[in-house]
Each structure stands twice: as structure tokens, then as C-alpha cells.
Amino acid sequence: MERHYQGGVPDIKDASICHRWFYVSRCLLPANWVDAAVADIVKVSRIRNESLGLTGALLFTGRRFAQYIEGPAGNVAMVQTSIEGDARHGEVQTIESGDGQGRLFDDWSLAYAGPSLFLSAQVESVLDEAPHSAARLISILREFATPED
């Protein structure tokens, strides 16, 4: 079975093993720029991710980003380096990283959910736990992320 992105672009790698990076960060955007800046992040990321064979999901709580990225290891590392150096993100914390079997978000170059007060409360409660529960955050992303148009 051949896997495709929602837009019909074939996956550029064997999806049986892929690298994943799951992180949370604090949003450093000024409040009056947040809506437009996050919309731009989503738009640019969907295009970039599709071209790099990456899939994943982004959640924005209004205060924090939580993002799960999966795909070829080199491409995931390139995006990770970019995000860690991005002035819009602070306190970038890796929740989970490494190789795994298959993809969790194989239908989306970037599923996006947020901002939402309900999601914010759920995510913040998980982030207050030590150690963070990757499985619980991934479940939230999978439940509330919606595919791109």
C-alpha cells in the first residue's frame, strides 16, 4: 500500500521506520502578533514538511507550542535545529526523540490544533507533571488535530 499526503504527494521514504522528535516550547511572540504569526508558521511548515517528507502535528495553547515531527532522520534534525534557533520559541524541551515503527500522523504534513482554552488546560496540566507524559500529550494531539484543508 502506497502512502500519500492528503494533497496527493507521495511519501519520499519507507514509512516502516522513521525518526521522531516531540518537543514543547514557550511562545515568545508579542500578544498582538500571535494569531498572524502562528497562521504563518502553520502555512510555511506545511509546505516545508511536505517537501521534506515530514509529517506531524502542532498544538498551540496560547502560551506554549507542542509539536510532534516524524520522517527521515536528517530532515527531522534539520527542522529541530531550525526550531531550537527560532526567536519565536523559548525553553524548547525535548519530550521524546528517536526512531520508531511507522508514523502516527501519516496523513498530514502538519495537523494543527489550537489555540483553545480547553486544550491549554490539558496541556499545561501534563507539562506541570514531572516527567512529562509523552503518551498523554500525543493522545491530545491525535484527538484534537485536524487535517489541513
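A short reminder: the numbers here are calculations on the coordinates, not readings from a lab. Because the structure is a prediction, the values reported are computed rather than measured. In this analysis, Cβ positions are derived from the backbone assuming ideal geometry, glycine residues included, and neighbour counts consider all displayed protein chains.
Key figures for this structure:
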item: Given (1) without any contact (Cβ under 8 Å) to a residue 60 or more places away in the chain; (2) within 13 Å of the chain's Cα centre (by Cα), number of the condition G53 does not satisfy; result: (2)
item: Candidates D86, D40, D107, filtered to the one that is touching a residue at least 12 places away in the same chain (Cβ under 8 Å) and not small (G, A, S); result: D107
